[in-house]
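Notes to accompany the following structure.
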Amino acid sequence: MQEKTNEMIKIFIDKEPVDAEEGTTVLKAAERAGIHIPHLCYHPAFPPEGSCRMCLVEIEGFPKLELACSTVVKEEMKISTKSERVVEARKAVLEFLLAEHPLDCPICDKAGDCKLQDYYDEYGLFESQFKEAKEKREKKLKIGKSLILDQERCILCTRCVRFLKEVTKTQDLGVFHRGVHSSVNIYEGASVENNYSGNLAEICPVGAITDEDFRFKTRSWFLKEGESICPLCSRGCNILIEYHPGFSRFELPKRVYRIKARENPEVNGFWICDRGRYGYSYLDERRADQIIMNKKEGENELTCENISRHLGEKIKNLSSARKTSGIALILHTWLSNEELFLLHEIFKNDLKVEKIFFADLPDGEADGFLLTSEPSPNRRGAQEIGFDIKTVDLGALADGTDFLLAFGPFLSGLFSSKDLRGALDKIKTKVLFSSNSNELNSLFDVVIPVALIAEKEGSLTNVEGIVQGFQPVLEPPGESLPEWKVLSDLGKELGMDSKFYSEFTSPEAILSEMGKKIPFFKKKND
Amino acid sequence: MSPEFSEKTKKKIEEIVARYPQKEAAILPILHITQQEFGSISAEEEKLVARILGIKPISVRELVTFYTMFPKESLGKYHIQVCSNLSCSLLGAGNFVDYLVEKLGIKPGETTPDKKFTLSTVECLGACERAPCMMINFNYYGEMDPKKVDEILDGLK
Amino acid sequence: MKEKVLTEHFGLENLYKIDVYQKQGGYRATEKALKKMKPEEILEEVKKANLRGRGGAGFPAGVKWSFVPDTDKPKYLCVNADEGEPGTFKDRYIMSHNPHMLIEGIIITSFCVGISVAFIYIRGEYEAIALRLEQAISEAYEKGFLGKNILESGFDLDVFVHRGAGAYICGEETALLESLEGKRGNPRLKPPFPASVGLFQCPTVINNVETISNISHIILNGAEWFIKQGLPKDGGTRIFGVSGMVKNPGIYELPLGTSLKDIIFKHAGGMKEGKKLKAVIPGGMSAPILTADEINIKMDFDSLVEANSMLGSAGIIVIDDKTSILDVLKVVTKFYSHESCGQCTPCRIGNSWINKIVKRIAEGKGKKEDIDSILRLASNIEGNTLCPLGDAAAMPILSITKKFRKELESHL
Ligand SMILES: Cc1cc2nc3c(=O)[nH]c(=O)nc-3n(C[C@H](O)[C@H](O)[C@H](O)COP(=O)(O)O)c2cc1C
Ligand code: SF4
Ligand code: SF4
Ligand code: SF4
Ligand code: FES
Ligand code: FES
C-alpha cells in the first residue's frame, strides 16, 4: 500500500460528513465514500478534461454548478450530488447527448456496459425531444487492426485521443472540425497501430469504439467476469476475464470472450497490451482434459487422483544415487510461486536432482511500456526461489536419465520433433504435465492434464518482484488439476517430511511457509 | 510532386520558429505562409508542415479543420467573403449575396469554372460600421451595393 | 473636463509612423515609466485608475496584473486583438490609426509586471493591420523602445504579432493561449487562471487592445485625471462602436456613463431615414438585447448589469422596426453554432439544436412548442458550459426570445 501523506479533511456530501484526502477532487472523494457521480470524459488515468459536463454538482457558496471531476475539496465544503438543480443539469446534458446520438442500442455492442445507456435509464430519459435532422457521420470507420469507430455514437469525450497522446504517445486519433461538426478521426492511410490499441474500446464510455474481436460474438450481459493475472509476459498485468458461464442446453464453442484491464497502479495502471488482451485462445483451444497413457503402467489404471502415489512409488524405487543423477526435470515459468517452491523443495533440496531445465517460449522484445521480453509470468519467482534458469540441453537431459518429469507444452516449440524423439527415446520413464495438447502428447508415457493460471489459485512474481495472488476464474476442464496439488501429494508420498507437506492444503499455506524460508516471499505487511 | 518551400521561405520560417519557446507554436504563422504559397492546405501541405515541425500530419489536420482560413482545396484567384453577421444583414447583406450569386453564377462555397472567383459568406469581419462589407483576398470593401461591387469586380484582372 | 483620450489624434495624417506619433508627445509615457517610476508605482497608479478591461468582462487591469506570482519562470503578455465579437471594430481603429499607442502600453505593462516577451494575437482577417503593427514594432526597435536594455533601464522586451486564423472562440483568453501555442482553440478549464499558469505554462497577462492602449495616458496624466474622464469605479473613456440602422455608424470615444440614447441619437446621428428604433444590442452580440424603450441607460459596466445586459465590448448594434426579429435570431444562433469550439456538450449540441429550430421556423415549419424549446435549451446551456461562450450564446438568445416572444410566435 502506498503511504498516505495527505491530510484528511472533513467535507459534507449530501449532508453526510465524509473524510476526504486534502487536494483530491469532489468526484474522487465521493467515490471513496461510495457515492457515484456520473461522469463521461473524466478517466482516472488523465487530468480532468471538464468537457462532458455530466459531473456537475452543487456546492454551497458557489453561484453556478461546479464540476465534480475538477473541483478540489476544501475543508467543510458542502456538496449536493442529488439536488433538483443537479438532477436537472444532468438531464439537460443527457438530453443534449441523446439529441445527436443514434438510437442504436439494440444493435450496439456496448449495450449493457454503456455509460450513456446507464445514465439514460437512471434519469428516465427514453424519448428525445430532438426533431431536427441529425448530423451524418461515418458509422463504420476501421481505425485499427480490430477497432471500428462509429462517429455518430461518439460523444466526444476525447478519452481515446488523450490515451493515444498521453499513454502511447502515438497520436493516431484526432478531433477534426469544430462545433457540432467535430469528429474523432484517423489520418488517411494511417491507423491505430500500437500494442495498446485494445484499451481504446475499453475506455470509450459508449459504443463508439468497438472491438471486432468481440463485436457481435455475444452480448455483454451473458458474460461473467473474474479477476486474474495475465500470464503472457512477466509484467503480470491485472486482468478481468469475461467468460460465458454456459447454458445447459447447448455447447458453446468457447468459454472466454474477452480480456479486460483491471486497475493496478503499481503494475499496469489501467492498461494491458494487445498481446495480453487478444491472446486468450490458449484458454479454450486444444485443452488437455484427460489423462493420456501411451504405455501400460502396471496393473492399476492411472487417474489424476492416484498419479502422485504412482510417481512417488517410481521415485522411491530408485536408489539414492539414481535419484540424484537419474531424475531430470523440465520446468517452465507459468508455474506459480507455490508450485515452483514445491518442486524446489522436493527435487532440488530433498532429492538433490541436478538436471533441472526450463522450457519456456523464447524471449521476445519488450515494447518499452508494459510488455516485457519474457513471455511467461514467473521467471523472477523461479529465480527468487533459487532456481537457475537453464534452457533445455537435449544431450545433457537424456544422458543417464531414467525418469523425466516434464511440465508445460512449450518444449515442442523449441526443438524439432525428430530431435525431441531422439532424446526422449533414451529415457525409460517420462511423464508430462500439460494444459494444452500438442505433439508432445505422443512422446511421453503419461500425459496429465493440468489447470491454467485462470483456473487455479496461487501467486506469481512479476518482473519487478511484485508478488501477486490469483484465484480461479474458470473451472479446469475435464480431469485436469492444478500442479500444486499433485506436487504437495507427491511430497507427502515421498514421506520426506510428511508433516511439512501435509500442511500444504492450499497455495496460501504454501506461500506462508515460503515466507518463513525465503525472506523475499515474506509478506510485506507482516 | 510533393510541395516544398523555397529557400527564402525556409529562412523566414526558421525566424518565426525562433520566436517561440516551443516549436509547435509557430504552426499558425507557418500555415498562413503555406496557404499563401500553395493556395490551399491539402494532405500534401499538411505533411510538409508536419515535417518541418516534427509533428504528425494528424496534428496539422486537427488545426486546419478547426480554423476557417485554411481551405483544403484551392480557391479562385479572388476569394470574395461577404459578411453575413448582424450589422451587415441589417443593411442588406442578404440581398447583396443574392446579387453576387446571380452575377457570378455560383453559390456561396463555390468557385467559378474559370477559377477566378470563390464566393463565401463569413461571420463578422470587424468592419460593421461599413456594412454591408466584404473582403476580397485580404482587402476590405464597405458600404457595398450592386453598382460598387460591379466596379470592383470589373476592375479585377 | 472630459476629453478624448485614445482617439484624440486619429485625424493626424500618418499617425501610425513613429515620428508623427512622437511629435504629438508619443513615447513620453514610456520614458517616464522606465526612467522615473518603479514597477510597483506603475501598478499602484493603474489600480487607482480603475481601468476595467475593455475586452468584455470588465475586470480591473491593475488587479489582474497583481495576480501574477513572483517566480523565476518567464512571464508573458498577450494582447487580445482578436476582435471577433459581432458589432465590434474599435481595436481595428486603434491598431490601424495609432499602433504606437498600443506598443507604448505593451512596454509599460511589461515593465510593470516583469515581462520580457509580448504577443499581439490578432484575428487572421486583419492582415493589413498585422503588417502595420509589425512595421510600427520595427520602428520601435530602431528607436530603442524595444529590444535589449530599453532606454538604458536594463529592461528587455520583444514584441511579436501572431495572427489567428478564423475562430471567434480564440478571443476567449484561454482559447487564445491554446491557439498561440499552436493548438486548436479549445478553451481551458479554470482554475488555474492564466495569471499563474498561462502561455507555455507560465504566468501570463491577457488584456484587450483598448485596455492596454489606455496605459500610457494613465502614466502621463495620472490616475486621478483618468477617473475624471469616466466614472469613479470605471475610469476613462470607452470607444463605442455604433453599427446597424444609424445615420452615422462608426466609433465614438465618450466617457463611460454616457447614455445609450445619446450615443445613438446625438453622436451617431439617429436612425437612418424612415427607420424607427426597435431594439439595441449594447455590447457586442453576446450582450442581452434592449428594446427601444430600454435605451435610457448609462453605458457603464454596472448600469448595464443592472439592466440585465452588459457593456461587453461596447459594440452597439442598432436594429430598426423593419427588421424581423426572427432574422436577428437566425443570425445570432447561426453565429454561436458556427463558432462553438465543440469541446463541451451543452454548447456543441445546444447551439446547433437551437439554430436548427430557428431555421425551421424561418422555413415556415415552426411548431407551437418551438419557442419554449428554445428557451429551455438556452437555459440548459447557460451556466453549464466549460467556457463563457455558452453564456455568451444563451444570454442574447434568451433575451431576444423572451422580449420578442409575440413577434416570434407570429411566425409559427
Ligand atoms: C467567446 C469569447 C470571445 C471573446 N473575444 C474577445 C475578443 O475578441 N477580444 C477581447 O479583447 N476579448 C475577448 N473576450 C474576452 C477575453 O476572454 C478576456 O476577458 C479579455 O481579453 C481580457 O482583457 P481585458 O481584461 O483587457 O478586457 C472574449 C471572451 C469570450 C468568452
Ligand atoms: S470515440 Fe469514444 S472515447 Fe473517443 S471521444 Fe468518442 S466517445 Fe470518447
Ligand atoms: S504486458 Fe504482458 S502481462 Fe501485460 S497484458 Fe501484455 S502480455 Fe499480458
Ligand atoms: S462553451 Fe462552447 S466554446 Fe466554450 S468550451 Fe464549450 S463548446 Fe467550446
Ligand atoms: S466528467 Fe466532469 S466534465 Fe466530464
Ligand atoms: S457584422 Fe459585418 S462586419 Fe461586423
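The values are calculated or read from the model by the stated rules, or taken from the named source; none is laboratory data. Everything numeric here is computed off the predicted structure, so don't read it as measured data. We place every Cβ from the backbone using ideal geometry, glycine too, and count neighbours over all the protein chains shown. Surface areas here come from the heavy atoms of the whole protein model, side chains and all, with no ligands, DNA or RNA. Shrake-Rupley method; radii C 1.70, N 1.55, O 1.52, S 1.80 Å.
Here are the numbers for the structure shown:
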{"item": "Selected residue (only one of A:ALA396, A:ALA382 is of a type in the set (Gly, Ala, Ser) and either crowded, with 17+ Cβ neighbours inside 10 Å or in a strand (DSSP E or B) (or both))", "result": "A:ALA382"}
{"item": "Test result for A:SER376, open to solvent by less than 60 Å² (accessible area, probe 1.4 Å), at pLDDT below 95, at negative phi and away from ligand 6 (no atom under 16 Å from the Cβ)", "result": "no"}
{"item": "Close pairs (6 angstrom Cβ cut-off, 6 or more residues apart or separate chains): over 17 Å from A:GLY198 (Cα atoms) in the range A:224-240, open to solvent by less than 30 Å² (accessible area, probe 1.4 Å) and of a type in the set (Asp, Glu) anywhere", "result": "A:GLU225/A:GLU242"}
{"item": "Candidates C:SER96, C:SER66, filtered to the one that is within 16 Å of ligand 6 (Cβ to nearest atom) and of a type in the set (S, T, N, Q)", "result": "C:SER96"}
{"item": "Filtered residues of the range B:5-39 (kept if at negative phi and away from every other protein chain (no Cβ under 14 Å))", "result": "B:PHE5, B:SER6, B:GLU7, B:LYS8, B:THR9, B:LYS10, B:LYS11, B:GLU14, B:GLU37, B:PHE38"}
{"item": "Residue in the range A:7-24 that is closer than 22 Å to A:GLY269 by Cβ and away from chain C (no Cβ under 14 Å) present", "result": "yes"}
{"item": "Residue within the range A:409-422 that is open to solvent by less than 10 Å² (accessible area, probe 1.4 Å), of a type in the set (A, V, I, L, M) and not in a loop (DSSP other than H, G, I, E, B) present", "result": "yes"}
{"item": "All positions within the range C:164-208 that are outside any loop (DSSP other than H, G, I, E, B), out of contact with any Asp or Glu (no Cβ under 6 Å at 6 or more places or on another chain) and away from ligand 4 (no atom under 13 Å from the Cβ)", "result": "C:LEU177, C:LEU180, C:LEU199, C:PHE200, C:GLN201, C:THR204, C:VAL205, C:ASN207, C:ASN208"}
{"item": "Selection within the range A:21-34 - over 17 Å from A:GLU60 (Cα atoms) and either touching a helix residue (DSSP H, G or I) at 6+ places or on another chain (Cβ under 9 Å) or of a type in the set (Ser, Thr, Tyr) (or both)", "result": "A:GLU21, A:THR24"}
{"item": "Per-region count, the range C:234-251, residues facing chain B (nearest Cβ under 10 Å) and more than 15 Å from the chain's Cα centre (by Cα)", "result": "7"}
{"item": "Any hit, the range C:363-377, residues being under 24 Å from A:MET54 (Cα atoms) and within 16 Å of ligand 6 (Cβ to nearest atom)", "result": "no"}
{"item": "First in the range A:113-135 and open to solvent by 80 Å² or more (accessible area, probe 1.4 Å), second anywhere and in a loop (DSSP other than H, G, I, E, B), Cβ under 9 Å, 6 or more apart", "result": "A:GLU122/A:PRO38; A:GLN129/C:GLU369; A:LYS131/C:LYS367"}
{"item": "Helices (runs of 4 or more DSSP H) wholly inside the range C:303-412 that include at least 2 residues being within 12 Å of ligand 4 (Cβ to nearest atom)", "result": "C:325-339, C:345-360, C:389-403"}
{"item": "Conditions (1) open to solvent by 40 Å² or more (accessible area, probe 1.4 Å); (2) within 22 Å of A:SER51 (Cβ to Cβ); (3) not in a helix (DSSP H, G or I); number of the one not met by A:CYS154", "result": "(1)"}
{"item": "Residues of the range A:66-91 satisfying the condition of being within 14 Å of ligand 4 (Cβ to nearest atom) and either crowded, with 20+ Cβ neighbours inside 10 Å or within 14 Å of A:LEU125 (Cβ to Cβ) (or both)", "result": "A:LEU67"}
{"item": "Residues within the range A:270-318 that are open to solvent by 20 Å² or more (accessible area, probe 1.4 Å), within 16 Å of ligand 3 (Cβ to nearest atom) and touching a residue at least 60 places away in the same chain (Cβ under 8 Å), tallied", "result": "4"}
{"item": "Wholly within the range A:259-333, helices (runs of 4 or more DSSP H) carrying at least 3 residues that are touching a helix residue (DSSP H, G or I) at 6+ places or on another chain (Cβ under 8 Å), under 27 Å from A:LEU414 (Cα atoms) and not assigned by TED's automatic domain parsing to the domain that holds A:PHE347", "result": "A:274-278"}
{"item": "Qualifying residue in the range B:120-128 (condition: open to solvent by 40 Å² or more (accessible area, probe 1.4 Å) and more than 9 Å from chain C (Cβ to nearest Cβ))", "result": "yes"}
{"item": "Hits in the range B:24-39 (condition: in contact with a helix residue (DSSP H, G or I) (Cβ under 9 Å, 6 or more places away or on another chain) and open to solvent by less than 40 Å² (accessible area, probe 1.4 Å))", "result": "B:ALA25, B:ALA26, B:ILE27, B:LEU28, B:PRO29, B:ILE30, B:LEU31, B:HIS32, B:ILE33, B:THR34, B:GLN35"}
{"item": "Unique match (being open to solvent by less than 50 Å² (accessible area, probe 1.4 Å), at positive phi, assigned by TED's automatic domain parsing to the domain that holds A:HIS344 and small (Gly, Ala, Ser)) among A:GLY478, A:GLY465, A:GLY491", "result": "A:GLY465"}
{"item": "Where a residue in the range A:366-380 is more than 19 Å from A:LYS169 (Cα to Cα) and its partner, wherever it lies, is aromatic (Phe, Trp, Tyr) and not in a helix (DSSP H, G or I), with Cβ under 6 Å and at least six apart", "result": "A:SER376/A:TRP334"}
{"item": "Qualifying residue in the range C:338-347 (condition: in contact with a helix residue (DSSP H, G or I) (Cβ under 6 Å, 6 or more places away or on another chain), among the small types (Gly, Ala, Ser) and within 14 Å of chain A (Cβ to nearest Cβ))", "result": "yes"}
{"item": "A:LYS134, sole failed condition from (1) over 23 Å from the mean Cα position of the chain (by Cα); (2) more than 29 Å from C:CYS170 (Cα to Cα); (3) at pLDDT below 95", "result": "(2)"}
{"item": "Positions within the range C:278-297 being in contact with a strand residue (DSSP E or B) (Cβ under 6 Å, 6 or more places away or on another chain) and either in the same structural domain as C:ARG92 (by TED's automatic domain parsing) or open to solvent by 20 Å² or more (accessible area, probe 1.4 Å) (or both), in sequence order", "result": "C:LYS278, C:THR291, C:ALA292"}
{"item": "Flag if C:LYS190 is within 23 Å of C:GLY390 (Cβ to Cβ), under 21 Å from the mean Cα position of the chain (by Cα) and more than 14 Å from chain B (Cβ to nearest Cβ)", "result": "yes"}
{"item": "Options A:ARG258, A:ARG249; residue that is at pLDDT 90 or above and away from ligand 6 (no atom under 16 Å from the Cβ)", "result": "A:ARG258"}
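Each row is one residue, and each column tells you yes or no for (1) within 16 Å of ligand 4 (Cβ to nearest atom); (2) outside any strand (DSSP E or B); (3) at pLDDT 95 or above.
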{"position": "A:LEU27", "(1), (2), (3)": "no, yes, yes"}
{"position": "A:ALA30", "(1), (2), (3)": "no, yes, yes"}
{"position": "A:HIS36", "(1), (2), (3)": "no, yes, yes"}
{"position": "A:HIS39", "(1), (2), (3)": "no, yes, yes"}
{"position": "A:HIS43", "(1), (2), (3)": "no, yes, yes"}
{"position": "A:SER51", "(1), (2), (3)": "yes, yes, yes"}
{"position": "A:GLU58", "(1), (2), (3)": "no, no, yes"}
{"position": "A:LEU98", "(1), (2), (3)": "no, yes, no"}
{"position": "A:ALA111", "(1), (2), (3)": "no, yes, no"}
